Amino acid sequence: YGLAALCVVFIAGAVTSVAVLRSKGVLEPSVLRALVLSKQERNWLDALHTRGPEKPAAKPARGASEEEVLERIAEMANADRATRLVSDIKLQKQGLDERETELERQWSEYRLARTDLERLQSQLEARQARIVDEKRDQAGEQARWAAAQLSESNWIAQLGEAEKARYADQAKLFEQMKDQAWASLRRFQPREIARYLALMDAKKAARVLVAAEQDPEYGDLTPVIHREMLRLDLSGQSPNQSERLATLYSFMPAEAVLPYLREASAQEVAEIMIAMETGGQEKKRAQLLEALRVDNSNRELEVRRLLNEARPQTAQAEGPR
C-alpha cells in the first residue's frame, strides 16, 4: 500500500505541475517549438505557413497523350475485331449445324430410297422367277402340244383316205371358226362331235369343250361326249383313248373338265390321271384332283386309291430311268 500511495502522490504532483506551467504559458506551441527546433527549422515552418497557392500540375506532353489515345484505339479495334471473330465463329457454327441437319435429312432419304430399291429388287426378282416358271410351263405345254400334234398326225394317218379327208377338212373349218365353232358343232350328235374333236388341234378342241361346258342348253350332254371320245376308234386298232383325252384335258381349266367326268367311272378317271402323269402333266393332274375333292370327296378318295394301286405297275412298265 505504501508504493501505491507513493505513485498516487507522484501522479498528482505531475498533474499539478503541468497545470501550473500551462497557466503560465510555458506549454504554448511557439514556446515548445523554440525549445525543440532550431532557428532555421522555425524559419522554414514560418515560410511554409506564409507561402501562396501552389501552381497547377503541368499537363502531360501532347505526344504522350496521342500514344495513349492510339493505344486505346488499338485496344478498342482489337476488341471489335475479337467481337467480329466471335460473331463469325458463331455464324460458321450455325451454318455447320444446319449443314449437319441437312446431311442427316439426306442420309435418311438415302436409307429410305435404298430400302425402296431393295424392296423393288425383291419384287423384280420374284417377278423374274415367276416369269421363268411361266416360261418353263409354257415350254412344257408347247412340248406336250407338239407331242400331241405328232400323236394326232400318226393316228389320223391310219384313217381311210376318203373319210379322213372329209373329216379333216371339216375339222379345219371348225378350227378357223375359233370360238364360233361350238355354235355349229352343237347341232351334231355326240359321236360326230367326238369324231371332229379328235381330228382338231388339241388346244382348239379344248376351247370347244370349254364352250360346250358353258352352254346352259347342252350341259347335260357333256358326259356323253366324254364317253364317245373314249369309245372312238377311227384307226380300227383300239388305241389308248385315255392318253388322247389326258392331252386334251390338259389344255382346259380343271373346273371345265369336271362336267365331262361326271358320269365317268373312277377307273376311267384314274386312267386319265395316269396318262397325265406319264405325259409330264403333274400340275394339271394335281389341279384336277383338287377339283374332284371339292366336287365329291368320296370319289376323289376312290380315284386316289386306284392311282396308288396302279403306281407300282406304272413304275414297272416304265422301267429304270
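The helices (runs of 4 or more DSSP H) found entirely in segment 176-233 that carry 3 or more residues being farther than 22 Å from Val269 by Cα and aliphatic (A, V, I, L, M) are 181-185. For segment 261-277, filtering for residues that are assigned to a helix (DSSP H, G or I) and farther than 15 Å from Leu248 by Cβ leaves 5. Of the candidates Arg285, Arg195, the single residue that is surrounded by 15 or more Cβ atoms within 10 Å (Cβ to Cβ), basic (Lys, Arg) and more than 19 Å from Glu141 (Cβ to Cβ) is Arg195. May I ask you to list the residues in segment 158-182 that are aliphatic (A, V, I, L, M) and either modelled with pLDDT of 80 or more or touching a Ser or Thr at 6+ places or on another chain (Cβ under 9 Å) (or both)? Scanning segment 158-182 gives Leu159, Leu173, Met177, Ala181. Just one residue in the set Gln138, Gln92, Gln123 is more than 20 Å from the chain's Cα centre (by Cα), more than 30 Å from Ser250 (Cα to Cα), among the polar types (S, T, N, Q) and surrounded by 10 or more Cβ atoms within 10 Å (Cβ to Cβ); that residue is Gln92.
The values are calculated or read from the model by the stated rules, or taken from the named source; none is laboratory data. The shown structure was predicted, so the numbers you read here are calculated from the model rather than taken from an experiment. Cβ atoms come from the backbone with ideal geometry, glycine included; neighbour counts cover every protein chain shown.
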